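Data first, discussion second: the structure below is written as structure tokens.
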Amino acid sequence: MEEFVDTREASAELADALHRLMPFHYFYEKSGDPMPDFKFLDKAEMPYPYRSLLVHENDMTPTLAAFHHSKLYLEVHEHERSNNYLIRLVTLHAAADDRPVEFGAIGIQLDGFPEDVRDLIVAGRTPLGGILGEHKVRHSGSPTAFFSVPADDLIANALQQNRGETLYGRCNQLLDQDGMTIADIVEILPRHSESEKWIENVK
């Protein structure tokens, strides 16, 4: 009986983890590749500077743009659309030097946006946060989980990291003014030289 309970609890934890990691998990399931070993963290366990970059309710686009002193642009690796739901695997790059500053996946409910905003989102050239800010679309962020993850080949290649490097990220939801979910996002940050220098300075 105890073994059955343990198995049931483990299955429930796995289901909860995969739910949190959608839509990122979708692309692994589609490719048949195993997911890397995500470890969920409390806010206090997130090291700096990643805590200041991840533990907040702001859009990541302006947060990362300010941190890297650069505008950002979007690279879409894969995408699918079903009716008014768009899901894509993406990297955000700093326009100043083209380096990747975030990798992840996003699922977007399109039907709640004005037509001009929806067209810009579907075009896939500008990060969602930048579009919402520019067009003053009222929304709020609601992080649901924080994590560390060792970079597998997919993550390492996208973020120009070493395979096995421990990286940090979050699962986030964007909510409209009525509290309805308009986007589910998994966001993973790379390690950069200035980030490591920042850590050394605050030790």
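The values are calculated or read from the model by the stated rules, or taken from the named source; none is laboratory data. Quick caveat, the model's predicted, so the values are computed rather than measured. Neighbour counts run over all protein chains shown; Cβ positions are idealised from the backbone, glycine included.
The condition of being over 22 Å from residue 93 (Cα atoms) and touching a strand residue (DSSP E or B) at 6+ places or on another chain (Cβ under 9 Å) holds for only one of 145, 158, 151, 183, that being 145. The conditions of being touching a strand residue (DSSP E or B) at 6+ places or on another chain (Cβ under 6 Å) and either surrounded by 13 or more Cβ atoms within 10 Å (Cβ to Cβ) or within 16 Å of residue 143 (Cβ to Cβ) (or both) are met by residue 79. Within region 129-145, being touching a Cys at 6+ places or on another chain (Cβ under 8 Å) and within 12 Å of residue 174 (Cβ to Cβ) holds for 143, 144.
For residue 186, the criteria (1) part of a helix (DSSP H, G or I); (2) modelled with pLDDT of 95 or more hold in every case but one, which is (1).
Restricting attention to region 103-150, the residues being assigned to a loop (DSSP other than H, G, I, E, B) and free of Cβ contacts under 8 Å to residues at least 12 places away in the same chain number 1. Among the residues of region 66-86, just one is touching a Pro at 6+ places or on another chain (Cβ under 9 Å) and either under 17 Å from residue 52 (Cβ atoms) or in a helix (DSSP H, G or I) (or both), namely 67.
Table: residues versus (1) over 20 Å from residue 76 (Cβ atoms); (2) surrounded by 21 or more Cβ atoms within 10 Å (Cβ to Cβ); (3) over 19 Å from the mean Cα position of the chain (by Cα).
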position	(1), (2), (3)
109	no, no, no
115	yes, no, yes
119	no, no, yes
136	yes, no, yes
139	yes, no, no
144	yes, no, no
150	yes, no, no
166	yes, no, no
170	yes, yes, no
